[in-house]
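Where a number appears in this text, it was derived from the coordinates with a stated rule and is not lab data. Everything numeric in this text was worked out from a predicted model, so none of it was measured. Quick reminder, even Gly has a Cβ in these numbers, built from the backbone with ideal geometry, and neighbours come from all protein chains shown.
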Amino acid sequence: MKKFLDLGYQPLANSYLTKKNINKKEKRFNLSVGFDSKSFLVSILNTVPKEKMFNKNYPYKSSESFTMRNQFKILSNKIKKKFNPGLILEIGSNDGAFISNFNKKSVIGVEPCKNLANLTIKKGFRIFPNYWNPTLAKKIAKKNKIDLIYSANTLSHIENLDEIFNAIDLALTENGILILEDPSLLECIKNVAYDQFYCEHLYVFSTIALERILSKFNLTIFSVENIKTHGGSNRYYIKRNNNFIYKIDSSVKKNVIKERNYGLHKISTYKSFSKKVIKSKKGLNKIFSDLDKKNKKIIGYGATAKSCTVLNYCKIQKRLIKFFYDTTSYKIGKYLPGSKIEIKKYKKLDIKNIDYVFLGAWNFKDEIFKKEKKFIQQGGKFITHIPHPKII
Ligand code: TYD
């Protein structure tokens, strides 16, 4: 693994501070990112024990976003039509945004964050409040093997990929389908979205890296969809090598070529990305200091884990961003790790008391701009660092 990016000493991105512990010393770790020229994997170099991140206090709920709910609904209909699976399993079922589109008898969720698992258990779903591993896979498959396994924005959080695919291999039927969905490395690199890297995002996958891992388990990608969620993601449709029901379509080769043309197989690409990240930091700092000189009132929108990386890497302090608005009930009244900026309950933006808004949840830009149409019409402005620092 060759290191190409150093984002400094960062706190745990989803460890929001409370009024009580705000003055306690936060644990920090060095957030560095590396590239492995053999496996083509891009991953963070110092990992944090999973129990410290995925526990009963996990703040993120998929159902709270309209974009995610809508995406899951469309995908569920597609799955029913195209694959008609008898039994579905979701790894990382969060608060049930995906599984709730299916009949309770035909779906199983696996969710180690107990607060989230409990929400779906209460609704009558069959949920295992555990980490996905071969022991759990065996236990589940003993009764019935799974026809379709789905996992979105979860694989990138799990360190031991061999264990994950081993477990998938144990649970999936012979002609079973695996659908994986995670942020796309190509989009991340192209958009200089360095904030896709934080303690929980151990990996950002490319098609060429995923192909290599899957081949160890006799699994093949037969289709790739480029989707808009989380700042540009890939949805991979995967089958066993000896499943001839589904043909490998042209999207797979197309994505591989796109990634190779951009140089995702070469360390030089990542080194040049790293230079762009440094430039991005300088650009963002300049925007903030210019607005500060003009005494502009700036707030943040979407207290994301991504913002935590940006604020701590760029050393943007409390003085510059008055507070963050967020819709997530768990985050309200708490403070962002590191910068200690307060998170307030979301209210529609109003030009009367806000001049500029830092787009923490830039991956929901379309949804947010639609919601804040009035603020924009009144002349309200947004600050973003994606794909380069600018005021919109
Ligand atoms: P997410 O995209 O998961 O970012 P990360 O993985 O980096 O934490 O989180 C989006 C956050 O933005 C979440 O806390 C909810 C918030 N949000 C709003 O407050 N308002 C909105 O309109 C949207 C779309 C998101």
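Using a Gaussian network model of the chain with C-alpha springs under 10 Å, which one of K352, K266, K282 is most mobile by mean-square fluctuation?
Taking springs between Cα atoms under 10 Å, the residue moving most is K352.
Normalised by the number of residues in the chain, what is the relative contact order in percent for Cα pairs under 8 Å and 6+ residues apart?
Answer for the chain is 16 percent.
Would you kindly derive the ³J(HN,Hα) couplings of the range 194-206 from the backbone phi angles with the Karplus curve 6.51 cos²θ - 1.76 cosθ + 1.60 (θ = phi - 60°), listing them in order in whole Hz, with x for Gly and Pro?
Once rounded to whole Hz, the list reads 5, 6, 5, 9, 7, 3, 7, 8, 5, 10, 10, 8, 10.
Roughly speaking, what is the stretch gain from Q377 to K80, that is 0.36 nm per residue apart minus the C-alpha to C-alpha distance, in nm to one decimal?
102.8 nm
Could you tell me, in Å, what Rg and Dmax come out for the Cα atoms of the range 1-111?
Taking only Cα atoms of the range 1-111, I get Rg and Dmax of 18.9, 53 Å.
How big is the range 42-264 by the Kirkwood estimate over distinct Cα pairs, in Å?
17.7 Å
Per residue of the chain, what 222 nm ellipticity follows from adding -39500 (n - 2.57) for every DSSP H run with n ≥ 4, rounded to the nearest 500?
-9500 deg cm²/dmol
Quick one: of the DSSP bridges fully inside the range 42-264, what percent are antiparallel, nearest 5?
45 percent
Which value in nm describes the separation of the simple spin-label points at R126 and K294, placed 7 Å from the Cα toward the beta carbon?
So the two model labels end up 5.9 nm from each other.
Hey, how much of the P(r) for the chain falls beyond 38 Å, as a percent of Cα pairs?
Result: 19 percent of Cα pairs exceed 38 Å.
Take peptides 246-252, 140-146, 42-48 and line them up by average Cβ neighbours within 10 Å, highest first, as a rough protection proxy.
Ranking, from highest mean packing down: 42-48, 140-146, 246-252.
What angle do you read, to the nearest 10 degrees and between 0 and 90, between the alpha-carbon axis of helix 161-171 and the longest principal axis of the chain?
40 degrees
Of K19/K315; K318/K381; K190/K348; K105/K247; K24/K122, which ones are farther than 25 Å apart at the Cα?
Pairs exceeding 25 Å: K190/K348; K105/K247; K24/K122.
For the chain, give me the percentage of DSSP beta bridges that are antiparallel, rounded to the nearest 5 percent.
Of all bridge pairs located within the chain, approximately 50 percent are antiparallel.
Which order results if K334, K315 are arranged by neighbouring Cβ count within 10 Å, fewest first?
Placing the least packed residue first, the sequence is K315, K334.
In what sequence, highest mean first, do 170-178, 62-70 appear when ranked by Cβ atoms within 10 angstrom?
170-178, 62-70
Please work out the FRET efficiency for the pair N218 and E26, using the Cβ-Cβ distance as r and a Förster radius of 51 Å; give the result to the nearest 0.05.
It comes out at approximately 0.70.
Let's test the formula: R0 of 35 Å, r as the Cβ-Cβ distance of S106 and I248. What FRET efficiency results, to the nearest 0.05?
Given R0 = 35 Å and the Cβ-Cβ separation, E is 0.80.
Measure nothing fancy, just the Cα-based angle from helix 134-143's long axis to the longest principal axis of the chain, in degrees from 0 to 90, nearest 10.
50 degrees
Could you let me know the centre-to-centre spacing of the range 72-122 and the range 239-263, using Cα atoms, in angstrom?
Rounded to whole Å, the Cα centres lie 26 Å apart.
Find how many whole Å separate the alpha carbon centroid of the range 281-328 from the alpha carbon centroid of the range 167-199.
29 Å
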